[in-house]
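Okay, so here's the structure we're looking at.
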Amino acid sequence: MKANLGRTSQRKPGKMEFASIIRDERLSRAIRELEWEELTPVQEGTIPLAREGLDVMAQAQTGTGKTGAFAIPIIEKLQP
């Protein structure tokens, strides 16, 4: 799929909890074990787009949740 440059999530960043967006119980349990509770702005902006199958590129400081932002949608697709 071609990159969709300039597109952003339509949702305004806020305090969204992982429990409200994670679809798989095993992934939800793993996230709870990591003690991740609320999505960071980079996660809120990229997870919905990645779930749609769009190419996503994000730039943010270290420690802002980029790895989770990209890994969560990938893991969801891998799980049966």
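If a residue has to be part of a helix (DSSP H, G or I), hydrophobic (A, V, I, L, M, F, W, C) and modelled with pLDDT of 90 or more to count, how many in region 1-49 make the cut? The total comes to 7.
Please tell me if GLY53 is small (Gly, Ala, Ser), open to solvent by 30 Å² or more (accessible area, probe 1.4 Å) and over 13 Å from the mean Cα position of the chain (by Cα). Show your work before the answer.
Working: small (Gly, Ala, Ser): yes; open to solvent by 30 Å² or more (accessible area, probe 1.4 Å): yes; over 13 Å from the mean Cα position of the chain (by Cα): no.
In short, no.
State the number of residues belonging to region 59-80 that are under 12 Å from the mean Cα position of the chain (by Cα) and either surrounded by fewer than 17 Cβ atoms within 10 Å (Cβ to Cβ) or part of a helix (DSSP H, G or I) (or both). So that I can check it myself, show each step before the final result.
Here is the first cut: in region 59-80, the residues under 12 Å from the mean Cα position of the chain (by Cα) are 64-76.
Keeping just the survivors that are either surrounded by fewer than 17 Cβ atoms within 10 Å (Cβ to Cβ) or part of a helix (DSSP H, G or I) (or both) gives 64, 66-76.
Count: 12.
The values are calculated or read from the model by the stated rules, or taken from the named source; none is laboratory data. On a predicted model such as this, the values are computed, not experimentally measured, just so you know. Note that each Cβ is placed from the backbone with ideal geometry, even for glycine, and that neighbours are counted across all protein chains shown. The area values use the complete protein model at the heavy-atom level, side chains included, leaving out ligands, DNA and RNA. Shrake-Rupley method; radii C 1.70, N 1.55, O 1.52, S 1.80 Å.
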